[in-house]
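Every number in this text was worked out from the coordinates using simple rules, so none of it is lab data. Computed from a prediction, not measured in an experiment: that's the story for all the values here. All Cβ positions, even for glycine, are placed from backbone atoms using ideal geometry, and neighbour counts span all protein chains on display.
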Amino acid sequence: MSGFVGMLHTDGRRVEPAVLDRMSRAIAHRGRDRSGAWVSGPIGLAHRLLFTTPESLDEHQPVSDEVSDCRLVWDGRLDNRADLCRDLEVEGACLGKGTDAELVLAAYMCWGRQAVPKLYGDFSFALWDGRSRTLLCARDRLGLKPLHYAWEGTTLLFGSEVRPILAALSQMPEPDDEMVLAFLLREFRERDHGRTLFRGIERLPPGHILEAHNGGTQVTRYWAIEPTRETRYRRFEEYVEKFRELFFEAVRCRLRSEHPVGLFLSGGLDSSGMLVAARRAGFDRHLLCPAIEAFTTFTDLPESDERHFAQMVADDTATPLHHVYSENREPLTGLDETVWHVESPIVSAGGESGEGLTAAMLSRGCHVVLTGVGGDQLIDEVGYLADLLGRLRLVRFTMETRAFASWYGGGARSFAEMALMLLVPRWAKFWGKRITRGVPPPWINRATADELNLRERIREPRQPVRFPSHLQADAHHELTNAYHILKLEVDERSTAYFGMDVRYPFLDSRLVEYVLSIPWHQRTRDGERKALLRYGLAGLMPESVRLRRGKGDWSGSSERALAALCRKDPPEPLRDVSGRMERYVRRKEVERLVARYLAGRTDLSKDLWYLITTDRWLARFWKGG
């Protein structure tokens, strides 16, 4: 994990080193081990490095090819080093034990922009080609490493975070009102992949390349899931075997670390599977495995205590397990600081538990963290129920909906309703929203909504790509929608602030491509949730964990905390500490929203919490200039 910034004057002016240094200092937290900068006429690049892989100990960025006058700054991890080295050696490149950044530059020297689709891993980078006077920036397939950019006149500013761009702009940009409303209503669409919550500051979308040349920029896609791709085997067991192979490889790739690797072990299937795969990686591949330390959190509430299951897996794999107490603090504690660090109002109400976990990991020397984020989106099979219902297999639909519900102790009705919603046409969903809650809802400022054409936004399809099945379409949307990517960026910035690199085995693009290519009817058996992973771990972990039904419930404490905030005088969602909330909401209607929530409408909790975090985010970035 590291960070970079840069600026390009397309009118030929020289870059001022002091401005570049100001941008670099704004991301100093991302790389505390080494820094570097390079300026040549109108282009400047700066880098902050955190030692995470063994190769990074010898790394100095920007890396360069002096003959061709090319420079590169890189943030990420390259997962196909061996394959890339072999292909480069065929081309006659002399590599030695190159760093990831050096390999990427060598790949560019061989193949130009066609090198980018050959890269696997989590990354973003910026490369200046002095021969063609072209800046090339790229971002990994699923958007796990961020890259932001903005134009100010004839100057292109770019970096790993928003704040270094703010540090170089002559004036503070306004909030992007359309994105703020999209967040408050959870109504993001495909066109939001290239936008931030700051007007005029863009994101390079996942799987895209940006090229700046002759005063203009061009953004093109180099990778996308192929909807028609299909993987066929004769037996269900063969699908499971291939999944296990790819999943174990995804975990193995993410163990390349100079430090102990921390793993959050909830005691659930996803995190337990990661630990099993991590432990077996050293034996199966003769990998020089780093130390692995597992961490589990608990509160005073019995329903959220999963230590028993986590301990079983830790004991079975001979892994040290650290129990971290999560204090039930008021969710406003540290909120102002958090929205500043993550540059966003997308903040969990349980942020304090994350801080305790981070502190525990750092105390054990863990600067690399494995997380199970993405497992629910990739391998859960709610869309499978929609495919049964859509094909009128009603008896099987009824049986498997009940079976699905039993895995987590929920009600079959809720799963049936989720399946039904996937079948509802887009126009019907729009009119359903108009009838049940209004478009826009009464608590949204109507004038702002009309100005921003909110109704047209809500009419747009959430999932523009057509897949053969609802299962594939639902998983693709869950993994690639704009809110999910924004949330991943928040998680990345949150850990980066503490000098940590978060890694996502379930979001390995090769694993994602495979799972989305499996025919829908081969994804599960007899209503067993996450069947690919559950069958794949047979014989490799305690059966009581592998076949566990139900999971810890962490919602109780956050609901009680939010209710306490709503009972304050004035209620926290109505405080308007930023002085800007009237632009987005109608105060009287928010008062009614609070009253309905306190009367038992817990489904409104997200609406109210997002109002609070948006207000604090606006106050932190804009109040008082």
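Here are some notes:
- Rg to Rh, two decimals, where the chain supplies the alpha carbon set and Rh follows Kirkwood: 0.95
- Separation of alpha-carbon centers, region 175-192 and region 449-475, rounded to whole Å: 13
- Cβ-based exposure ranking for 346, 292, in which fewest neighbours within 10 Å come first: 346, 292
- Semi-axes of the equivalent ellipsoid for region 289-414, computed as √(5λ) from the eigenvalues of its C-alpha gyration tensor and ordered from largest down, come to 35, 21, 16 Å.
- Among 279, 575, the order by Cβ neighbours within 10 angstrom, fewest to most, reads 575, 279.
- Distance between region 106-149 and region 513-538 - C-alpha centres, whole angstrom: 34
- Region 534-574 residues near the modelled residue 414 label - backbone nitrogen below 19 Å, point 7 Å along Cα→Cβ: 548-563
- Relative protection proxy for 392-400, 3-11, 29-37, 325-333, from highest mean packing down: 3-11, 29-37, 325-333, 392-400 (other beta-carbon atoms within 10 angstrom).
- For region 1-41, diffusion coefficient by Stokes-Einstein and Kirkwood Rh (Cα), 37 °C, 0.692 mPa s, µm²/s: 296
- For the peptides 356-362, 83-89, residues were scored by their other Cβ atoms within 10 Å and the scores averaged per peptide; the highest-first order is 356-362, 83-89.
- Once the chain from residue 399 to residue 28 is taken as fully extended at 0.36 nm per residue, the excess over their C-alpha distance is 128.0 nm.
- Kirkwood Rh and Cα Rg combined as Rg/Rh, region 151-283: 1.09
- Full extension of the chain between residue 68 and residue 577 yields a length gain of 177.9 nm, computed as 0.36 nm times the residue separation minus the alpha carbon distance.
- Under 18 Å from the residue 430 label point (7 Å along Cα→beta-carbon), backbone N, region 445-462: 449-462
- Burial ranking of peptide ranges 198-207, 267-276 (average Cβ count within 10 Å, highest at the top): 267-276, 198-207
- Computed over region 554-625, the alpha-carbon pair-distance distribution with 5 angstrom bins reads 3, 17, 29, 25, 15, 8, 3, 1, each value a whole percent.
- Each listed q (0.12, 0.13, 0.18, 0.21 Å⁻¹) maps to a log10 I(q)/I(0) for region 8-130, found by the Debye formula over equal Cα scatterers with no solvent: -0.46, -0.53, -0.99, -1.26.
- Three principal axis extents of region 2-221 based on alpha-carbon atoms, in descending order, are 51, 38, 34 Å.
- Projected label points at residue 154 and residue 199, each 7 Å from Cα along the beta carbon direction, are separated by 2.6 nanometres.
- Among the listed pairs 433/487; 568/606; 118/145; 118/530; 145/551, a Cα-Cα separation exceeding 22 Å is found for 433/487; 118/530; 145/551.
- Difference of contour (0.36 nm per residue) and Cα-Cα distance, residue 16 to residue 547: 185.1 nm
- At an R0 of 22 angstrom, the distance between the Cβ atoms of residue 311 and residue 362 translates into a FRET efficiency of 0.50.
- Here r is the Cβ-Cβ distance between residue 421 and residue 186 and R0 is 22 Å; the resulting FRET efficiency, rounded to 0.05, is 0.95.
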